[in-house]
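Here's the structure we're looking at; comments come further down.
The values are calculated or read from the model by the stated rules, or taken from the named source; none is laboratory data. Bear in mind the structure is a predicted one, so any value in this text is a computation, not a measurement. Quick reminder, even Gly has a Cβ in these numbers, built from the backbone with ideal geometry, and neighbours come from all protein chains shown. Note: areas computed on protein heavy atoms with side chains; ligands, DNA, RNA excluded. Shrake-Rupley method; radii C 1.70, N 1.55, O 1.52, S 1.80 Å.
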Amino acid sequence: MTSAGEDRRPVRRSQRGETTLSCLGPSPDPPFEQVTSAAVVAVTDDGRLVVADLARGLDIPGGHVQRGESSIDETVRREAWEEVRARLGALHPVEVIESDYFGADDLTYMVIRTARITELGPWEATHESAGRVVIDPEEFLRSYRGGDPILMRHLVTAALATLPAP
């Protein structure tokens, strides 16, 4: 029996070779069984981002699909709550990223959404995030220290262009 709270498809820490990521555009969504992670560019009504303060630095809320989850949007909403204590409005597609992490014959997908924040809950530090930061998009992009700053700039820019006005 499987339980919630566990990654549906654990990531191996050691792998051979490089992983190729390919941006496929905002839609259509891949089959959910092939989605390994999902994230959201969460935006306030005044256009700032709500990002997580993680061990690796500031990042958009997101993470692995867990056992028992049944949709991309369910994963996105759970991660937004766990990492930045945010409730989200309507979710809009931003990007589908194809990955050959598990091999060329076992392609998986990361899916990015965008949404307006409808509520920021009281902050509670957890194992997921040390804090949340409400930040101007350009300031976030200048301070981003994740694996691929060019990809993050693309995701934030596309999200802001996609999101309807409040």
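Restricting to segment 46-67, name every residue that is closer than 18 Å to Val111 by Cβ and in a loop (DSSP other than H, G, I, E, B). Answer for segment 46-67, where residues must be closer than 18 Å to Val111 by Cβ and in a loop (DSSP other than H, G, I, E, B): Ile60, Pro61, Val65, Arg67.
Suppose the filter is at pLDDT 95 or above, open to solvent by 70 Å² or more (accessible area, probe 1.4 Å) and charged (D, E, K, R); does Arg16 pass it? Criteria not met by Arg16. Just one of the listed residues (Glu79, Glu119) is modelled with pLDDT of 95 or more, in a strand (DSSP E or B) and within 20 Å of Asp53 (Cβ to Cβ), namely Glu119. Examine segment 145-157 for a residue that is open to solvent by less than 50 Å² (accessible area, probe 1.4 Å), assigned to a strand (DSSP E or B), touching a helix residue (DSSP H, G or I) at 6+ places or on another chain (Cβ under 8 Å) and among the aliphatic types (A, V, I, L, M), and state whether such a residue exists. No, segment 145-157 has no match at all.
Residues in segment 128-140 that are open to solvent by less than 20 Å² (accessible area, probe 1.4 Å) and either β-branched (Val, Ile, Thr) or without any contact (Cβ under 8 Å) to a residue 24 or more places away in the chain (or both): Ile135 alone.
When we screen Glu69, Glu79 for residues that are charged (D, E, K, R) and touching a residue at least 60 places away in the same chain (Cβ under 8 Å), the only hit is Glu69. Looking for whichever is of a type in the set (Ser, Thr, Tyr) and within 21 Å of Leu160 (Cβ to Cβ) here; the options are Ser27, Ser22. Which one fits? Of Ser27, Ser22, the one residue that is of a type in the set (Ser, Thr, Tyr) and within 21 Å of Leu160 (Cβ to Cβ) is Ser27. Tell me which residues, restricted to segment 58-74, are more than 9 Å from the chain's Cα centre (by Cα) and open to solvent by less than 20 Å² (accessible area, probe 1.4 Å). Listed by number, the residues that qualify are Val65, Ile72.
Being β-branched (Val, Ile, Thr) and open to solvent by less than 70 Å² (accessible area, probe 1.4 Å) is the filter here; which residues of segment 115-127 pass it? Selection gives Ile117, Thr126.
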